[in-house]
Amino acid sequence: MPARLLAPHRVEKPWGRRDLWGAFADPAPEEGPVGEIWFQSPGDSEPDLLIKYLFTSEKLSVQVHPDDEQAQARGLPRGKDECWLILDAAPDSTIALGTKAPVGEAALREAARNGSIEELLDWKPVAPGDFFYSASHTIHAIGAGLTLIEVQQNSETTYRLYDYGRPRKLHLDDGVAVADARPYSPHPSPGLVADGRTILVEGPKFVLERFGEGDRALALPKGMTAWLVPVSGAGSVDGVEFRAGECLALSGEAHIAAGGGADILLAYPGDRRLRD
């Protein structure tokens, strides 16, 4: 079958929320706050990409991720580039990306130890519809009051530099070693292309497209998986129906029909888009 719905997995986090977004049901009174909902195919623990929704009530840790080469040197399958589409944001919500000015390793380590790293970071105001790409080596922190979709390389290798006094392990040696403590440079993207698609990310680790209502034919190379994420609206892929808040894995040749004011993300691994 060219399309299959992926099961959602709710992940409790100390920085999560009890009031979720859109079609997602709030956690029951006996459950903890939900920070993430992520999608994965049963029996497939190592897909190239991972799709998540995040719900934040507090700042996430200041962190950084290794690249593929650095991760593989540690026996891990891959590093972690990621990106975020902001769906909802409380007033004054922010995301930290990069530092305000270049910071040396010794100064970065000391700032992480004494907490002044918060003042070194470039905290950017965010609003619904904003999009950010965070490549490996980028020091970053997702702020409070946000609902977002995260598309990432499938790796949970996270080096925490600072966690606001929470009792969780930090990884200063590993984090400082891979961090590029400089001002953030936005990731270039081609933008709108001829058939109404918007290319949000075009490599190097994955491609992310965005499109709306209509019919589309998709032909994936043998062995490649793509992930279809309906932000709004509904539709079907070769008889498999979908709606906002779900995620489908696609393979082979697939016909996508989207309506109801659909806003669709399509992600797949690689460094170039499948069609022009």
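Of all the listed residues (Ala144, Ala181), the sole one being buried (at least 18 other Cβ atoms within 10 Å of the Cβ) and part of a loop (DSSP other than H, G, I, E, B) is Ala181.
Conditions (1) assigned by TED's automatic domain parsing to the domain that holds Thr225; (2) within 19 Å of Leu60 (Cβ to Cβ); (3) within 17 Å of the chain's Cα centre (by Cα), marked per residue:
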{"residue": "Pro2", "(1), (2), (3)": "no, no, no"}
{"residue": "Leu5", "(1), (2), (3)": "no, no, no"}
{"residue": "His9", "(1), (2), (3)": "no, yes, yes"}
{"residue": "Trp15", "(1), (2), (3)": "no, yes, yes"}
{"residue": "Arg18", "(1), (2), (3)": "no, yes, no"}
{"residue": "Ala28", "(1), (2), (3)": "no, no, no"}
{"residue": "Glu31", "(1), (2), (3)": "no, no, no"}
{"residue": "Glu36", "(1), (2), (3)": "no, yes, yes"}
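Thr138 falls short on exactly one of the conditions (1) under 24 Å from Asp92 (Cα atoms); (2) touching a Pro at 6+ places or on another chain (Cβ under 9 Å), and that condition is (2). All conditions in (1) under 20 Å from the mean Cα position of the chain (by Cα); (2) more than 28 Å from Pro91 (Cα to Cα); (3) outside any loop (DSSP other than H, G, I, E, B) hold for Arg160, with the sole exception of (2).
For Asp88, are the conditions met, namely being among the acidic types (Asp, Glu) and free of Cβ contacts under 8 Å to residues at least 60 places away in the same chain? Taking the combined requirement at face value, the residue does not satisfy it. Residues in region 210-225 include none that are closer than 29 Å to Phe55 by Cα, in contact (Cβ under 8 Å) with a residue 60 or more places away in the chain and in a strand (DSSP E or B).
A Cβ distance below 8 Å, combined with a sequence gap of six or more or placement on separate chains, defines the contacts here; from region 163-182, residues that are free of Cβ contacts under 8 Å to residues at least 24 places away in the same chain reach residues that are outside any loop (DSSP other than H, G, I, E, B) and of a type in the set (Lys, Arg) in the pairs Lys169/Arg160; His171/Arg160.
The values are calculated or read from the model by the stated rules, or taken from the named source; none is laboratory data. Everything numeric here is computed off the predicted structure, so don't read it as measured data. FYI the Cβ positions are ideal-geometry reconstructions off the backbone, even for glycines, and counts take in every protein chain you see.
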